1. If you scan the range 290-315, which residues turn out to be within 17 Å of ILE337 (Cβ to Cβ) and over 22 Å from the mean Cα position of the chain (by Cα)?
2. So, in the range 304-314, exactly how many residues are open to solvent by 10 Å² or more (accessible area, probe 1.4 Å), without any contact (Cβ under 8 Å) to a residue 24 or more places away in the chain and either closer than 20 Å to ARG150 by Cβ or in contact with a Ser or Thr (Cβ under 7 Å, 6 or more places away or on another chain) (or both)?
3. Within the range 207-219, can one find any residue that is β-branched (Val, Ile, Thr), open to solvent by less than 80 Å² (accessible area, probe 1.4 Å), at pLDDT below 85 and closer than 15 Å to ILE395 by Cα?
4. Which fully enclosed helices (runs of 4 or more DSSP H) of the range 187-272 have 2 or more residues being touching a Pro at 6+ places or on another chain (Cβ under 9 Å)?
5. Among the listed residues SER19, SER31, identify the single one that is modelled with pLDDT under 85 and outside any helix (DSSP H, G or I).
6. Please verify whether VAL152 is among the β-branched types (Val, Ile, Thr) and either open to solvent by 50 Å² or more (accessible area, probe 1.4 Å) or more than 26 Å from the chain's Cα centre (by Cα) (or both), treating the condition exactly as stated.
7. Just checking, how many residues over the range 228-265 are open to solvent by 100 Å² or more (accessible area, probe 1.4 Å) and either charged (D, E, K, R) or touching a helix residue (DSSP H, G or I) at 6+ places or on another chain (Cβ under 7 Å) (or both)?
8. Counting just the residues of the range 76-95 that are open to solvent by less than 20 Å² (accessible area, probe 1.4 Å) and small (Gly, Ala, Ser), which one comes out farthest from LEU116 (Cα to Cα)?
Amino acid sequence: MADFIYKATNMSGQVVEGSMEGRDEKAVVRSLHQLGYIPVRVVAAGEGGGGPRFSFLPQRVGMKQLLAFSQELSTLVSAGLPIDRSLQILGSLTKAPRLKKVVLDVLTRIREGSSLAEALASHPRIFSKLFVNMVKAGESGGFLEVILSRLVKYLQSSKEIRDFLVSVMIYPLILTAVSGASIVILVTFVIPRFAKIFSDMGQAIPLPTQIMLNLSRYVRDYWWVGAGMLALLYFGLRVYNQDEERRFRWDRSKLQWPAVGNIIKKIEVARFARTLATLLQSGVPILSALSLVREISQNLAVSRAIGNIHDRLREGKAVARTLEETGVFPPLAVHMINVGEETGRIEEMLAKVADTYEEDVQTTVKRFVSLLEPLIILVMGAVVGFIVISMLLAIFSINEIPF
């Protein structure tokens, strides 16, 4: 048995907070239902945060907070509470200052006569067009609780794939940063101390040592040149990508990069299939759904391909055929979607395509990282080894100095 902290509402909509022992979260939820409560949040003791946090930085609404808001709103609406009452409860439960302000503003707009979709659309930096249009479809079709449940699943899958990519790249990034910092310390602080000793002795210095001494001097005296070149490269790429055609060529070239390009393509295909499947299952017309999917694509080459699909569908062509014509989507995805069209279950097949490519992304990234880590160690080890050997050669050459 473990302790769980819960927040729930009673049938009159009042917020109830407390703790309860249970085998797991599901057992606590069942116990709360038996007491006549509607669970909003159930977390293990110790996971709910440790008091208020203060920051001088502006508060943002991240994916985790948006997911929690969607889960809680879905729970309350599914339990039969009106939208305004549900938002009032969420406004009192929300701890993040910015999200709390947004929730209360949405509540105010609804009480003034706006629909939920219209109220959410007034905050485009938090609620995407995908989010708003799904809610709009749910409101117009009278199945908002179903749409909110699908939105929660969509946000969960998006968060899981993003968290996975971040987690697997943390170790290589830390390894690279630590190794790079070690090399910088050796080149800028350690080697100059040896340089003074060797120059005072007037002995001929071995070539590897001379290379390292010159490199150390250039790094210390002209480090600003390297920093300036990196800054120039960064801002140059930003300026280059401001032009749509140049950005299109750049994004298209990324899909052709060795190893990384294949991962980017699979991520885009998984995002396309997952989003389109969610929208179609929610009752959004396919042409409107494709317009929304096009907007959330982060690669302009893929976005234009989706735009071409939209235009071809308006001409009466099949989805699978237009996917194949773009040359962006892998043959497996095209064939699976083609089967879905032929059987009249394209939404289900798109969801399977998303599942397939999300799993493929995880497998490919794990394999890529498993090869990247020893490669980083090998390269950094070779650099540090060269530095050490060049210094040892110079030290050994001291024995040849006549006294």
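The values are calculated or read from the model by the stated rules, or taken from the named source; none is laboratory data. Model, not experiment: these values are computed from the prediction. Glycine gets a Cβ as well: all are built from the backbone with ideal geometry, and neighbour counts include every protein chain shown. Ligands, DNA and RNA are stripped out before the accessible areas are found, and what is left, the full protein with its side chains, is counted by its heavy atoms. Shrake-Rupley method; radii C 1.70, N 1.55, O 1.52, S 1.80 Å.
1. Answer for the range 290-315, where residues must be within 17 Å of ILE337 (Cβ to Cβ) and over 22 Å from the mean Cα position of the chain (by Cα): ALA305, ASN308, ILE309, HIS310, ARG312, LEU313.
2. 3
3. yes
4. Helices (runs of 4 or more DSSP H) meeting the threshold: 207-242.
5. Of SER19, SER31, the one residue that is modelled with pLDDT under 85 and outside any helix (DSSP H, G or I) is SER19.
6. no
7. 4
8. Among them, the one singled out is GLY91.
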